[in-house]
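The structure under discussion appears below in the form of structure tokens.
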Amino acid sequence: MEHFNNFLWGAFPWLAIAAFFVGIFWRWRTDQFGWTTHSSQIYESKLLRLSSPLFHWGMVFVVIGHLMGLAMPKSWTRAVGISDHAYHLIATIPGSIAAVAVVLGFCGLLYRRIVNRSVFLSTSKSDKVMYVFLGLALLSGTIATFSTQVFGGPQGYDYRETISPWLRDLIVFNIHPETMVDVPWQFKLHVLAGFTIIAVWPYTRLVHAFSAPVGYVTRPYVVYRSRDSRATDMRRHVAWEPVRNHHSQLDKSETPSHGA
């Protein structure tokens, strides 16, 4: 059992991190044209306009909440005068709202992809794998939040005593698997699902999250010039007139004048 815990909370997270960085490097070197969301908006946009903002904006706040809870030690929040109960409320209430938004958005996107035939036919095998692992990470996180934090008593489960220091130590190669032994199963499942989605991230459409239009702000202006130096109004250009009118104008211009 000890070896199994050492693998789950010591080896597996770093294997997932290694798979992530190797995948990012491989994808960038071999598949830059595939580094995209593979948008299916052309097939259906009504559900997409509702579900996509819910999912993406909810994820922004979920990520911010994770960074605050995992990266900031408890001593920091106490040092600035935030009590443990106040921190619990600050983390739980916005976190729960963000979790609901993410789940609703994800369900809308999944429903759209399953029900709409055109969108379903454009779904690749990697998309299906991605939806399974992403759904597991989101569902386990939502269950952990509501079962231990919202309905787990006034203080909830203090993950800053176990999960947060374990992760911070893990990042600096100071691995302590024993820290995770007594963590509730909901959080254990969420942590494993989270590292699994990190491992498969570069090999799916989720890779687009690491794309940013950085070059847009420094690119040169696009200069538009008319082919005709006279810059005639295209609505009155001869090319847009009926063919018979065009030929009649040509005939008049070729008719010799009487004074020739």
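The values are calculated or read from the model by the stated rules, or taken from the named source; none is laboratory data. Since this is a predicted model, take the numbers as computed values, not measurements. Heads up: the accessible areas ignore ligands, DNA and RNA and are worked out on the full protein's heavy atoms, side chains in. Shrake-Rupley method; radii C 1.70, N 1.55, O 1.52, S 1.80 Å.
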Along the three principal axes, how long is region 1-129 when you take its alpha carbons, biggest first, rounded to the nearest angstrom?
54, 37, 32
Principal axis lengths of region 88-129 from Cα atoms, whole Å, largest first?
44, 18, 8
Considering region 43-207, what Rg and Dmax in Å follow from its alpha-carbon atoms?
17.5, 55
Show TRP26, TRP185, TRP166 ordered by accessible area, largest first, where the area counts protein heavy atoms only and the probe is 1.4 Å.
TRP185, TRP26, TRP166
Number of Lys pairs (Cα under 30 Å; 8 or more positions apart or on different chains) in region 43-207:
5
What is the distance in Å between the Cα centres of region 1-79 and region 128-173?
13
Output the Cα-based Rg and Dmax of region 1-66 in Å, rounding Rg to one decimal and Dmax to a whole number.
18.0, 52
